[in-house]
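Report on the following structure.
The values are calculated or read from the model by the stated rules, or taken from the named source; none is laboratory data. Note that the structure is predicted; figures quoted are calculated from it, not measured. Every residue, glycine among them, receives a Cβ derived from its backbone with ideal geometry; neighbour counts consider all protein chains shown.
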DNA sequence: ACTGTAGCGGAACGAAGTATTCCGTTCAAG
DNA sequence: CTTGAACGGAATACTTCGTTCCGCTACAGT
């Protein structure tokens, strides 16, 4: 797009981005997609990928780390925000759903041997979650029988909406997030079942597929 | 279970059931599971499967048809039930989630060339859906800005809860169905986005993976 | 201008997985 | 006994994928 587009170096730098964006999109659509699909989507050859990442696993790790960073960025903004407790919470939830970072991380986790960094990043994101949720619940804008860990499952449910093209999905995810958030405010009933425990959520990072 | 369990014939008849149950369980856990996984889960050889079904596709078709029948049975019970509108609706939703028939049908649809019967069974289930939903909404126990087709997506979301073993999942699915149902009663907000259309839902039966 | 090489496209390779077939075995029924 | 329905599971014939390899091109540094 810009002037300094000529030159092999510039082309390569641009490919860095294209490849990462493509990988994100492809693996978001199908976490077990072949690496060739990423190359095709990016409009480059396979070797362009292998020049940058020693293996598929490394690419996935990078993608997962980026997703976690994105999640953290949205969460930090919510922690900082001192506006109306409900609105901050709502914005946070909508933000995470919009970035799809939760989906990316969850689907990719467990597909590679987790690095130390990722483990810490994940723990940090957890503390941010706690603070955001705590503030909202203390303020009384969230029913008392939901738990921080319910948030993860709510993301999981909203992300399970896979109908139509990407634009339509965004629209529908917004719709059902709103529905869930309405359910999260009222206290017309008492939720059955124990909320998810930390251990249950963290087991996502285990070896399995 | 019964006395006449000896004899090759009886053994075979029992296998019919074991195989079908196993197939249901295995494909529910992983719709793209290999046929060998079903045989292993059932504790039989592969030829025991091929003796009954000419191909994997036939088995999937049968499974899908059974799932639809199960769905229809629950729905018919709800249509017949003239009790409290909200309770009938609630029982219906919980019933579908408990049988997992919606999940089975949705994951299996599109993995085989659909037969005429299935098409009709599906259409019939749709009309039952309409009647159940209509009654609840007419009675005013469901907010006016939700649509029949939202039900399908609600099932989809609840079924996306995949944590822990089967018992734990049942528990959590009940929890989140309750949360969604709480959201479906109140009218504290107006849901954003258009509700799903018929066409969007029926495209599940298309060729794709 | 010249040339070494970074960067790349894509065919080739080998390992893994899978639907289906095939063959030898078993055992109850006649 | 004998026979064949029912079966276990190895063998077959593909397909799919991650990764490597082999040339080719065009820029960077001289």
Next on the checklist: Looking at the stretch B:97-116, can you tell me whether even one residue there is farther than 22 Å from residue B:28 by Cα and at pLDDT 95 or above?
Outcome noted: no
Next on the checklist: On the basis of being away from chain B (no Cβ under 14 Å), crowded, with 16+ Cβ neighbours inside 10 Å, within 12 Å of DNA strand C (Cβ to nearest atom) and in a helix (DSSP H, G or I), does residue A:48 make the cut?
Outcome noted: yes
Checklist entry - Right, residue B:67: over 14 Å from the mean Cα position of the chain (by Cα), more than 16 Å from DNA strand D (Cβ to nearest atom) and under 30 Å from residue B:185 (Cα atoms) or not? => result no
Checklist entry - Looking at A:204, A:185, A:194, which is the one that is more than 24 Å from residue B:189 (Cα to Cα) and in contact (Cβ under 8 Å) with a residue 24 or more places away in the chain? => result A:204
Checklist outcome for this item: In the set B:16, B:58, the lone residue that is assigned to a helix (DSSP H, G or I) and within 10 Å of DNA strand C (Cβ to nearest atom) is B:58
Next on the checklist: Here is a check on your reading of the model: is residue A:40 within 13 Å of DNA strand D (Cβ to nearest atom) and out of contact with any helix residue (DSSP H, G or I) (no Cβ under 9 Å at 6 or more places or on another chain)?
Outcome noted: no
Checklist entry - Hey, does the stretch B:72-87 have a residue that's in a helix (DSSP H, G or I), within 14 Å of chain A (Cβ to nearest Cβ) and away from DNA strand C (no atom under 16 Å from the Cβ)? => result yes
Checklist entry - Somewhere in the stretch A:105-117, is a residue assigned to a helix (DSSP H, G or I) and within 23 Å of residue B:192 (Cα to Cα)? => result no
Next on the checklist: Can you say whether residue B:73 is within 14 Å of DNA strand D (Cβ to nearest atom) and either surrounded by 15 or more Cβ atoms within 10 Å (Cβ to Cβ) or within 22 Å of residue B:123 (Cα to Cα) (or both), as far as the supplied structure shows?
Outcome noted: no
